[in-house]
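What follows is a set of notes on a single structure, which appears directly below.
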Amino acid sequence: MTSRPSPPRLASLMTQDPRVRRTPWIALAWLAIVLLGGMLSAGAALNVPFESLAPPSPIHPLGTDLLGRDVGLRLLAGGLRTLRMAAAATLIAATLGSIWGLVAGHAGGWLEWLLVHANDVLLSVPGLVLALVVIAALGQHEATIILAVGLGGVGSYARLARSAAAETSHRPFVMAARALGAGEVRLLQHHVFPNTLEALSAYALLHFGWALVNSASLTFLGLGGAPSIPDWGQMLNESRLVFLSAPWLAAAPGTALALTVLAVQRLGEWVGKP
Amino acid sequence: MSLRTFLRRILGSLATIGLVTTLVFFAIRLSHIDPLAALLGQGLASQAQAAEMRAALGLDRPLLQQYALFLSGLVRGDLGRSLFDGQPVARAIAQSMRFTAPLALSAWLLAIALGLTLGSLASRASAWEAGRPVRWLARLTGALLVLGTSTPVAWSGLLILWAAVPLLTGLHPGPVRDVAQLALPVLTLGIASGCSLGRVAEAGLARARREPFFIAARARGVGPLWRLEWSALRTTLAPVISMAGVEAAFLLGGTMVTETLFARPGVGRLLVESILRGDFPLVQAIVALMAAGYALFNLLADVLASSLDPRLREEAE
């Protein structure tokens, strides 16, 4: 009686059945558009001034900003930068967090106690606030934002990796390998890590969405320095003050950011589904 | 939660906050950023004046001595003074807390209420007993929840501002306008946070609806509807509240964005400004405060959750 006892109907075919794993074509297509658009617009002249604050028109499909720059072009160029920042931050969080968590979960004993409690300290500061501390210490720059968002995510990643590793480390094949004389590093590298990879990579995509929002929040707050190619958070920040007279300025990066996070989330669900 | 666990949690939180403060103190001071560089760069102070200020602030002393001074000040309840305007840190924070405390607390409560309501609605998407219109409404709600979790606060806040401006422009200064000005950031944060809580509630409730106890209750004809709903909600209330504690991290980080967006002089805005100005005493105090606030929200959530679910009480013992 635990499953749905109704006979299959058209409506039930249309509801999302948790057992079916559908390829998220729309999400993949959107991410491909963002990536390709960013690459194609790489050489474009972003800073050529046209008429200031022109509403959307056939020449400027997304209008122009306060300095008369084409919003559409900036959106395309900025997308690649936004994705790149979040991807680099995710890589930092995934690498550091995995090593931290795998060592803690596999080692056990005092080392685990130490690493887990150090991690609790890390987790006791909200991720975005931790990122701000890193920026306060290292200055306002794109590289700092990447590092800041990356370090802000290490804690939750390490927690997941630890529980995955602790579970795997007690499985018979790991004990068998140890009995055959494998060293702890080898055990971690060849036996524990491959078996946690699936959970870790599904989480990396979830984390990627978080990194997207947080790095955009930081550049929105004006902490990303002043690079010539904007990212979407910075575009939102620039459009904030003229929002009521020129809403298209904020609509483009805001919607693009939301769609990208949505696409990444969908992708994460798809990868994470058994 | 027994008194002993409660006290142990508080002690643990205090130790953590102490560690966080120490780490932030050293992280900021070991960086090569000079807080007086801004003053010097703008020509507001001469080299001699800057050296004098450094001596007055104790910035020319060895690091460990600075830390000892900081600790001794902390014991006396003195958090130091802002490097920017010389105002005592405690007073600057107290002033901005008047704006942030109502915002964070009401956004948190709104998030829980919204999360449970929307989650309960969305969980009917595959409920076999629900009628077709209900299922479509549920599916729509589920889609909105996903959309809400993926929309950055900076963008949804702008949208809410845009929608509310026609309503706000006619208001005269007074209590009504104060409430309206609080309502906008509360809505922004509460909706964003409520959507992620809603997804947790949705998953829990959808599972509860397939459990034998719920099917049996339905078959027995338990009514009215709210009593039936409550029987399912009870099982998933505790995880949702626990999640709400974790979600407080998002809220505290989100205050920085919303306070910037809605021009509220709160703690989040103060933190961002202090970082832009290199105002160390304020930065370290606010980060410690945010860690404390996060611990408080988590404790509150755990007390609530364990009073709702007896199994959690036994686990904690």
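The values are calculated or read from the model by the stated rules, or taken from the named source; none is laboratory data. Note that the structure is a prediction, hence the values are computed from the model and not measured. Note that we place each Cβ from the backbone using ideal geometry, even for glycine, and neighbour counts take in every protein chain shown.
Output the residues belonging to the stretch A:187-243 that are assigned to a helix (DSSP H, G or I) and either in contact with a His (Cβ under 9 Å, 6 or more places away or on another chain) or aromatic (Phe, Trp, Tyr) (or both). Lay out the reasoning, then the answer.
Of the stretch A:187-243, the ones assigned to a helix (DSSP H, G or I) are A:187-220, A:232-240.
The answer is A:Leu187, A:Leu188, A:Val192, A:Phe193, A:Tyr203, A:Phe208, A:Trp210, A:Phe220, A:Trp232.
Just give me the residues in the stretch A:106-143 being β-branched (Val, Ile, Thr) and either more than 23 Å from the chain's Cα centre (by Cα) or modelled with pLDDT of 90 or more (or both), in sequence order. Before the answer, list the steps.
At the first step, the residues of the stretch A:106-143 found to be β-branched (Val, Ile, Thr) are A:116, A:121, A:125, A:129, A:133-135.
The one that is β-branched (Val, Ile, Thr) and either more than 23 Å from the chain's Cα centre (by Cα) or modelled with pLDDT of 90 or more (or both): A:Val116.
Need a quick list: helices (runs of 4 or more DSSP H) entirely within the stretch B:5-117 having at least 2 residues that are modelled with pLDDT of 75 or more and of a type in the set (Phe, Trp, Tyr). Talk me through it step by step, then tell me what you get.
On the way: elements: B:37-41, B:47-57, B:63-75.
The helices (runs of 4 or more DSSP H) meeting that bar are B:63-75.
Applying the selection to the stretch A:207-250, what residues are within 11 Å of chain B (Cβ to nearest Cβ), of a type in the set (Phe, Trp, Tyr) and touching a residue at least 12 places away in the same chain (Cβ under 8 Å)?
Of everything in the stretch A:207-250, those that are within 11 Å of chain B (Cβ to nearest Cβ), of a type in the set (Phe, Trp, Tyr) and touching a residue at least 12 places away in the same chain (Cβ under 8 Å) turn out to be A:Trp210, A:Phe220, A:Trp232.
Might you check whether a residue that is buried (at least 17 other Cβ atoms within 10 Å of the Cβ), at the interface with chain B (Cβ under 9 Å from one of its Cβ atoms) and either over 26 Å from A:Pro61 (Cα atoms) or of a type outside the set (Lys, Arg) (or both) occurs anywhere in the stretch A:194-206?
No.
Among the residues in the stretch A:229-236, are any small (Gly, Ala, Ser), in contact with a helix residue (DSSP H, G or I) (Cβ under 8 Å, 6 or more places away or on another chain) and buried (at least 23 other Cβ atoms within 10 Å of the Cβ)?
Step one: of the stretch A:229-236, the residues small (Gly, Ala, Ser) are A:233.
With in contact with a helix residue (DSSP H, G or I) (Cβ under 8 Å, 6 or more places away or on another chain) added as a condition, the list becomes A:233.
Subsequent filtering for residues that are buried (at least 23 other Cβ atoms within 10 Å of the Cβ) retains A:233.
Yes, that holds for at least one residue.
Being at the interface with chain A (Cβ under 7 Å from one of its Cβ atoms) and among the small types (Gly, Ala, Ser) is the filter here, so list the residues in the stretch B:125-162 that pass it.
Once the filter is applied, which keeps residues that are at the interface with chain A (Cβ under 7 Å from one of its Cβ atoms) and among the small types (Gly, Ala, Ser), the stretch B:125-162 yields B:Ala125, B:Ser126, B:Ser150, B:Ala154.
Of all the residues that make up the stretch A:119-151, how many are under 18 Å from B:Gly245 (Cα atoms) and of a type outside the set (Asp, Glu)?
11
Looking only at the stretch A:119-135, which residues are in contact (Cβ under 8 Å) with a residue 60 or more places away in the chain and at the interface with chain B (Cβ under 7 Å from one of its Cβ atoms)? Can you show your working first?
Looking only at the stretch A:119-135, we keep the residues that are in contact (Cβ under 8 Å) with a residue 60 or more places away in the chain, and these are A:127-128, A:131-132, A:135.
Of everything in the stretch A:119-135, those that are in contact (Cβ under 8 Å) with a residue 60 or more places away in the chain and at the interface with chain B (Cβ under 7 Å from one of its Cβ atoms) turn out to be A:Gly127, A:Leu128, A:Leu132, A:Ile135.
Determine whether the stretch B:205-226 contains at least one residue that is of a type in the set (D, E, K, R), within 14 Å of chain A (Cβ to nearest Cβ) and closer than 13 Å to B:Trp108 by Cβ.
Scanning the stretch B:205-226 turns up no residue that is of a type in the set (D, E, K, R), within 14 Å of chain A (Cβ to nearest Cβ) and closer than 13 Å to B:Trp108 by Cβ.
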